[in-house]
Amino acid sequence: MSYEALSTHSLAARLGSLPVMTDRLGNPSGWIVREVGDGNLNLVFIVESRAGGVIVKQALPYVRLVGESWPLPLRRSYFEFNALVRQAERDPGSVPEIYHFDEEQALVVMEYLTSHIILRQGLIEGRRYYELGKRLGLFCARTLFGGSDLSLPASEKKSDLALFAGNVELCDITENLVFTDPYYEAEMNRHTDGLERIVASLRSDRALKIAAQELKMAFTSRGETMLHGDLHTGSVMVSETDTRVIDPEFAVYGPMGFDIGMLIANFLMASLSQPGHGADRGAYAEWILEEAQIIWNTFAEEFSRLWRSERTGILYPASLYEDQGQPEASETALSRLLNAIWRDALGFCGIECHRRILGLAHNADFELISDERMRASCEARALALGRDLVLRRDDIADISEVQRMARHIATEEAL
Ligand code: SR1
Ligand code: MG
């Protein structure tokens, strides 16, 4: 059967003969099907029975957020499936278990995380999660190291670079929506009333627009590792004790700092949005900043551990350093690489703050603030922080300095 989008009515009949479904759910007559997709692109079904539950995620041939006027290839589910398989290998337990992939129907059947919710929702509700920053820092280190020439045999890295280079249309979304559209009056952009003066100032900021394109060039041309490609707090599911990363359909080879910069940006925005969710959220906003610090510090620690113990790829071979009795040279090389990732991450972090406020795809962290003046005020702070992060990325020493910058801006009236 050629591709056809599933519906709550058709799903049991269409998937009812798949052993991966019946083994877990029993007879299709007992299945209860709900469509719960709240992302920008796909259909997501929860299928449950007395015996258990699974998630069925299916790509639509267009951008769900916009409609059929914006076609999008189904093969993004192929890239998502391939990325999930690799992430599971490189960081076991970090992603949902995959039960089945159907390329023609662009669907993946995977583990239903019954006690998890989307992290962004939890952060809006003011909830704290056990070892959140640590788990995400580990994921970034293990997947970014594991997909690179520091770890993979050269032939495997090159074939994966080629495989994910086919994810052209999703890259095109990032290239336009993240790096370019926020910085001019692109058709699909929108922003909160009250930000006009700041928006005009950012869009006429020559240094910022040059930096944004420098970062875009890094994204398009530096195939250093397999990226998740869309690592924000809506791509993370959490329970009280567990953290999983989902939705790597934007996976592509790119610069190591991209995922971690995007992720930290979403923590900074979550923190700066807290005044809009309650006058008593000061301590909670600080907790989010602490978790952002843990993300980076855990990333750097785990990346260093992998460098020292699992550096099996073609880059920085031990034959040049440790085997020559020069372990300190290896440490210097590691430190220089972490510094370069840090600077890139700061740049991507700042750009992400801008695009979520000025572009098409906004964050619920801000969107759910109903008082427009309050929303504009929180967003203005994130825009100012984003600009500083991009333009001062070569001078910001460490994540503690980013925390200080965020704390300071949270006390300012940026509107
Ligand atoms: C048209 S898609 C808009 C955004 O949604 C996805 O989650 C990505 O972040 C993309 O940029
Ligand atoms: Mg997504």
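Here are the numbers for this structure:
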{"quantity": "Filter result (in contact with a Lys or Arg (Cβ under 7 Å, 6 or more places away or on another chain) and surrounded by fewer than 17 Cβ atoms within 10 Å (Cβ to Cβ)) within region 103-126", "calculated": "GLY126"}
{"quantity": "Pairs, first under 25 Å from VAL20 (Cβ atoms) and in contact (Cβ under 8 Å) with a residue 12 or more places away in the chain in region 106-128, second in a loop (DSSP other than H, G, I, E, B) and of a type in the set (Lys, Arg), C-beta under 8 Å, six or more apart", "calculated": "ALA106/ARG75"}
{"quantity": "Residue that is nearest to the chain's Cα centre (by Cα) [pool: residues in region 339-369 that are farther than 22 Å from GLY39 by Cβ and open to solvent by 30 Å² or more (accessible area, probe 1.4 Å)]", "calculated": "ARG343"}
{"quantity": "Selected residue (only one of VAL178, VAL238 is of a type in the set (A, V, I, L, M), under 14 Å from the mean Cα position of the chain (by Cα) and under 26 Å from PHE81 (Cα atoms))", "calculated": "VAL178"}
{"quantity": "Residue match in region 99-109 (condition: farther than 30 Å from LEU338 by Cβ and within 20 Å of the chain's Cα centre (by Cα))", "calculated": "yes"}
{"quantity": "Search result, residues across region 127-145 that are open to solvent by 10 Å² or more (accessible area, probe 1.4 Å) and assigned to a helix (DSSP H, G or I)", "calculated": "LYS134, ARG135, LEU138, ARG142"}
{"quantity": "Test: LEU202 is among the aliphatic types (A, V, I, L, M), farther than 30 Å from LEU337 by Cβ and in contact with a Gly (Cβ under 9 Å, 6 or more places away or on another chain)", "calculated": "yes"}
{"quantity": "Region 264-307: number of residues that are polar (S, T, N, Q) and open to solvent by 60 Å² or more (accessible area, probe 1.4 Å)", "calculated": "1"}
{"quantity": "Entirely in region 212-325, the strands (runs of 3 or more DSSP E) that have 2 or more residues that are more than 16 Å from ligand 2 (Cβ to nearest atom)", "calculated": "225-227, 252-254"}
{"quantity": "Residues located in region 44-69, provided they are within 16 Å of ligand 2 (Cβ to nearest atom) and open to solvent by 20 Å² or more (accessible area, probe 1.4 Å)", "calculated": "VAL44, ILE55, TYR62, ARG64, LEU65, VAL66"}
{"quantity": "Residues that are crowded, with 20+ Cβ neighbours inside 10 Å and closer than 29 Å to SER7 by Cβ, drawn from region 77-102", "calculated": "SER77, PHE79, GLU80, PHE81, ALA83, LEU84, VAL95, PRO96"}
{"quantity": "Selection status of PHE179, farther than 13 Å from GLY223 by Cα, crowded, with 17+ Cβ neighbours inside 10 Å and of a type in the set (Phe, Trp, Tyr)", "calculated": "yes"}
{"quantity": "Sole exception among (1) on the phi < 0 side of the Ramachandran plot; (2) part of a loop (DSSP other than H, G, I, E, B); (3) away from ligand 2 (no atom under 16 Å from the Cβ) for ALA200, by number", "calculated": "(2)"}
{"quantity": "Residues of region 308-338 satisfying the condition of being more than 30 Å from LEU389 (Cβ to Cβ), open to solvent by less than 60 Å² (accessible area, probe 1.4 Å) and among the hydrophobic types (A, V, I, L, M, F, W, C)", "calculated": "ALA318, ALA329"}
{"quantity": "Extreme residue, surrounded by the fewest Cβ atoms within 10 Å (Cβ to Cβ), among residues of region 182-203 that are of a type in the set (Asp, Glu) and free of Cβ contacts under 8 Å to residues at least 40 places away in the same chain", "calculated": "GLU187"}
{"quantity": "Tally, over region 355-366, of residues that are outside any loop (DSSP other than H, G, I, E, B) and within 16 Å of ligand 2 (Cβ to nearest atom)", "calculated": "4"}
{"quantity": "Strands (runs of 3 or more DSSP E) fully within region 1-95 counting 2 or more residues that are within 16 Å of ligand 1 (Cβ to nearest atom)", "calculated": "42-48, 53-59, 67-71"}
{"quantity": "Hits in region 302-345 (condition: without any contact (Cβ under 8 Å) to a residue 40 or more places away in the chain and on the phi > 0 side of the Ramachandran plot)", "calculated": "GLY325"}
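The values are calculated or read from the model by the stated rules, or taken from the named source; none is laboratory data. What you see is a predicted model, and the numbers here were worked out from it, not measured in a lab. Here the Cβ is made from the backbone with ideal geometry for all residues, glycine too, and neighbour counts use every protein chain on show. We work out accessible area using only protein heavy atoms, side chains counted, and drop any ligands, DNA or RNA first. Shrake-Rupley method; radii C 1.70, N 1.55, O 1.52, S 1.80 Å.
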